[in-house]
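All remarks here apply to the structure that follows.
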Amino acid sequence: MMNSVTLNPWRLRLLSQLDALGTVRAVAQAANLSPSSVSQQLAVLETETRTQLLERTGRRVRLTSAGLILARRARSILDQMDAVEAELRGLSQEPSGLVRLGAFQSSVHTLAVPAIQGLGHPHLHVEVVELEPHASMPALLAGEVDVIITTTDFVELPVPPDIDVVPLGQDPIVLVTPPGQPKGDLAACGDEPWAFDVPGSYMANLATRLCRQAGFEPRVVGRFANYMLTLRHVEAGLAVAVLPALAVDRRFDVVTRELPVTRRITAAVRRGSRAAITVVLDALLDAAKDHARTAASPPAFQHLDVL
């Protein structure tokens, strides 16, 4: 008679993270372990399941067909375990516990913070993690966060079938210039100094593409991962910039002009998430509607229900 298989949730999470992140080194960094420890735990999981889950290709390892099946089922198993624990703690009556929310920079103060402030559940706690769109979906798949605010326009990543995506709104891309120096369009900024996002980011790539389409190569004089620093640079008359409308804090004295480009803002959760996560998702939808109604002036974020 075959012995039953006992699956260790921690090792299942490591396997799921390997599927999402791609390398043992990345899993080790996410789990705060050494690569050798991760490899050892995955080897134990193979022994426990009596199945080859990994195969080596050169210096790297990849999941076998059986490994892929278990890794993707593991996400569902782990979510179900979270849901059972929530029920046992009485969370079905009053949502509580920790929900981890991943949000890109310009959505933190415009969507994430208002959503958290409007929750109204004293035992529900939300941890906000700044994650740019290229990093947020892998983090959600790996179980590092429970909800993400992301944009699908500039990220070449198919959405897995076990992920639910909820539209939040549309965000125009705008040209930002110093006060008293309005520009008609991008072509008029060919000789201006530019402030860009960091190299390789989707906004830096988008700004470069838009400038080249307008017929010039931008002269970059500053690169900032923080949009507030970019706005301060522009306000001081040191540069012009291309930013999402959500990033333009009205406290800065700058001029904006909408460009013929928008990005779609979405939230995403793993399918079958526990009640507390659904509460946070609903709060994000409400925050998106409120932000669309109260945007000071165009160009403004638009909730998809009112497009």
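The values are calculated or read from the model by the stated rules, or taken from the named source; none is laboratory data. Predicted model only: the values in this text are computed from it and were never measured. Note: ideal-geometry Cβ built from the backbone for every residue, glycine included; neighbour counts use all protein chains shown.
Quick notes on this structure:
- Here Gly215 fits the description: modelled with pLDDT of 90 or more and at positive phi.
- Counting residues in the range 222-239 that are in the same structural domain as Leu206 (by TED's automatic domain parsing), of a type in the set (Gly, Ala, Ser) and not in a loop (DSSP other than H, G, I, E, B) gives one or more.
- Only one of the numbered conditions (1) within 28 Å of the chain's Cα centre (by Cα); (2) surrounded by fewer than 17 Cβ atoms within 10 Å (Cβ to Cβ); (3) assigned to a helix (DSSP H, G or I) is violated by Leu33, and that is (3).
- Residue satisfying all of: in the range 63-78; buried (at least 16 other Cβ atoms within 10 Å of the Cβ) and not aliphatic (A, V, I, L, M); modelled with the highest pLDDT among these: Gly67
Residue-by-condition table, conditions (1) modelled with pLDDT of 85 or more; (2) touching a helix residue (DSSP H, G or I) at 6+ places or on another chain (Cβ under 7 Å):
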site: Gln80; (1), (2): no, no
site: Leu91; (1), (2): no, yes
site: Glu94; (1), (2): no, no
site: Arg100; (1), (2): yes, no
site: Phe104; (1), (2): yes, yes
site: Leu111; (1), (2): yes, yes
site: His123; (1), (2): no, no
